[in-house]
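Working notes, beginning with the structure itself.
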Amino acid sequence: MNIENIKVDYSTKIPNNVGLTEDRRVLKALESWHPGYINWWNDMGPEGFQESLVYLRTAYSVDPRGWAKFDYVKMPDYRWGVLLAPQEENRVVPFGHHFGEPAWQDVPGEHRAMLRRLIVIQGDTEPASVEQQRHLGKTAPSLYDMRNLFQVNVEEGRHLWAMVYLLQKYFGRDGREEADGLLRRRSGSDDAPRMLGAFNEATPDWLSFFMFTYFTDRDGKMQLHSLAQSGFDPLSRTCRFMLTEEAHHMFVGETGVGRVIQRTCDAMREAGIEDPNDIAKVRALGVIDLPTIQKKLNLHYTLSLDLFGSEVSTNAANAFNAGIKGRYHETQIQDDHKLENDTYPVLKLVNGEIKRVDEPALTALNMRLRDDYTQDCVKGMLRWNKIIGLAGYDYKLTLPNVAFHRQIGEFKSIHATPDGVLIDDATWGKRKGDWLPSTEDGDFIASLMTPVSEIGKFASWIAPPKVGIDNKPGDFEYVKIES
Ligand SMILES: [Fe+2]
Ligand SMILES: [Fe+2]
């Protein structure tokens, strides 16, 4: 590990460990992009709390043994920096046609367009989620949760900086234009929407937020892992550091959903409710019933599956061959890392039935990454089910079949039940409210979203966390709203 890269320079306007002081051209480009970013943050960032003091962590190092410090910060004053994981000595391209060649410190001309596109797509998701979540501060169930929301938001802002740095440093004029475009598009906009579907959906309530950070940030994790394998070393290093931050986002999601489930189970027990499907009775307790949690899960999981693209994709094969985007844990996989003669089973629609079909492994890379994603999703879900089981209820949350509610890929033109049974349009129309949140479900959840900002208190529908952030006690003031 190169010790030089661990230290972060805070003397420039933009904290960094990429030597910006010696790189006047890029420093200037980033400094001229900065005001537009701050304008975007003020317009589209968390609404109503820009003057509050928030107990946030800021990266001050990229040393895995200690990289963040916590302190009260007003969000617009957050030090968004450009931080790359330390350069690995003698790193090689770990897959594809260039397997074994030294990793590139500059963009290879032949792969420039593809690299730029992947960086822009990744970059576009970062500000999008901040936009989607900007109203949530006003209904936070506690100061603890509010702080976590804002932590996720400022870090997504930093991830935007990370991608913009790559664009400004390595892609010249096109890079500058793309960097401006990232501030121009808006989540949910008709004329300039964000690039990917899930990032144009609303995040209307806190259960959506927790589901989003669990399922959609986890898609981000998988994408970052495959880009962290990239032969283009600066991209690999950027993504590796982003993953350290990303872990907290998924923690917020997993524990958030877990705490909702915990509270629901506790309330049902106290009230002596035996049947978790007795929705009216459960809702009367002011908690979210398990069947509605399952519907929210169905929605967010399937929107996130769409982010992986088509199961069979020549783009994915090209990016792999080019050494630009690898597989999850590529370097730990025991094979030739070229996949020229391999196959991979892909779920497809064959004569009206869902079947596994062997496809060339190269074109099936999206499917493979999606399978890795699903396995990762299952782990937290088992912990949620454990909470339900320990409370004595015979109810299990499950991931719906991949043919259910899809807008991209093999199953986009058919309808299926969460169990994977194909159904016609009429049946879908009649039953989809049983499987996806209805307006009524949304209204009920919305009715619970009254803010709680008293120190150490939590809304009726969510249990307190087991431990505080940065080991703070339960009565810690995570956000000083009026400062
Ligand atoms: Fe991110
Ligand atoms: Fe994230």
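When residue 194 is tested against the conditions (1) among the charged types (D, E, K, R); (2) away from ligand 1 (no atom under 14 Å from the Cβ); (3) open to solvent by less than 10 Å² (accessible area, probe 1.4 Å); (4) closer than 15 Å to residue 125 by Cα, the lone failure is (2). Here the condition is being open to solvent by 50 Å² or more (accessible area, probe 1.4 Å) and either of a type in the set (A, V, I, L, M) or under 18 Å from residue 127 (Cα atoms) (or both); of 79, 25, it holds for 79 alone.
Confirm whether residue 425 is under 23 Å from residue 309 (Cα atoms) and of a type in the set (Asp, Glu). Considered against the rule, which asks whether it is under 23 Å from residue 309 (Cα atoms) and of a type in the set (Asp, Glu), residue 425 comes out as no.
Checking the structure you have, find out if any residue of segment 236-251 is more than 13 Å from ligand 1 (Cβ to nearest atom) and either over 21 Å from residue 333 (Cα atoms) or among the β-branched types (Val, Ile, Thr) (or both). Among the residues of segment 236-251, at least one is more than 13 Å from ligand 1 (Cβ to nearest atom) and either over 21 Å from residue 333 (Cα atoms) or among the β-branched types (Val, Ile, Thr) (or both), which makes the answer yes.
How many residues are part of a loop (DSSP other than H, G, I, E, B), open to solvent by less than 10 Å² (accessible area, probe 1.4 Å) and over 20 Å from residue 258 (Cβ atoms) if we restrict to segment 275-307? Total meeting the criteria: 0. For segment 398-429, the tally of residues that are under 30 Å from residue 267 (Cα atoms), over 21 Å from the mean Cα position of the chain (by Cα) and surrounded by fewer than 19 Cβ atoms within 10 Å (Cβ to Cβ) stands at 1. Is it fair to say residue 346 is β-branched (Val, Ile, Thr) and farther than 29 Å from residue 289 by Cα? Here the answer is yes, as residue 346 does meet what is asked.
Scanning segment 7-22 for residues that are open to solvent by 20 Å² or more (accessible area, probe 1.4 Å) and either hydroxyl-bearing (Ser, Thr, Tyr) or touching a residue at least 24 places away in the same chain (Cβ under 8 Å) (or both) turns up 7, 8, 10, 11, 18, 21.
For segment 53-75, the count of residues that are touching a Phe, Trp or Tyr at 6+ places or on another chain (Cβ under 7 Å), assigned to a helix (DSSP H, G or I), in contact (Cβ under 8 Å) with a residue 40 or more places away in the chain and within 20 Å of residue 156 (Cβ to Cβ) is nonzero. For first residues located in segment 126-140 and over 15 Å from residue 41 (Cβ atoms), partners that are within 14 Å of ligand 2 (Cβ to nearest atom) and part of a helix (DSSP H, G or I) and lie 6+ apart or on another chain with Cβ distances below 6 Å form the pairs 136/149; 136/209. Taking each residue of segment 213-226 that is hydroxyl-bearing (Ser, Thr, Tyr) and looking for partners that are more than 9 Å from ligand 2 (Cβ to nearest atom) and not in a helix (DSSP H, G or I) with beta-carbon atoms closer than 7 Å, six or more apart or interchain, yields 226/325; 226/326; 226/327; 226/328.
The values are calculated or read from the model by the stated rules, or taken from the named source; none is laboratory data. All values reported here derive from a predicted model rather than from experimental measurement. Ideal geometry is used to build each Cβ from the backbone, glycine not excepted, and the neighbour counts take in all protein chains shown. Note: accessible area is taken over every heavy atom of the protein model, side chains too, but ligands, DNA and RNA are not part of it. Shrake-Rupley method; radii C 1.70, N 1.55, O 1.52, S 1.80 Å.
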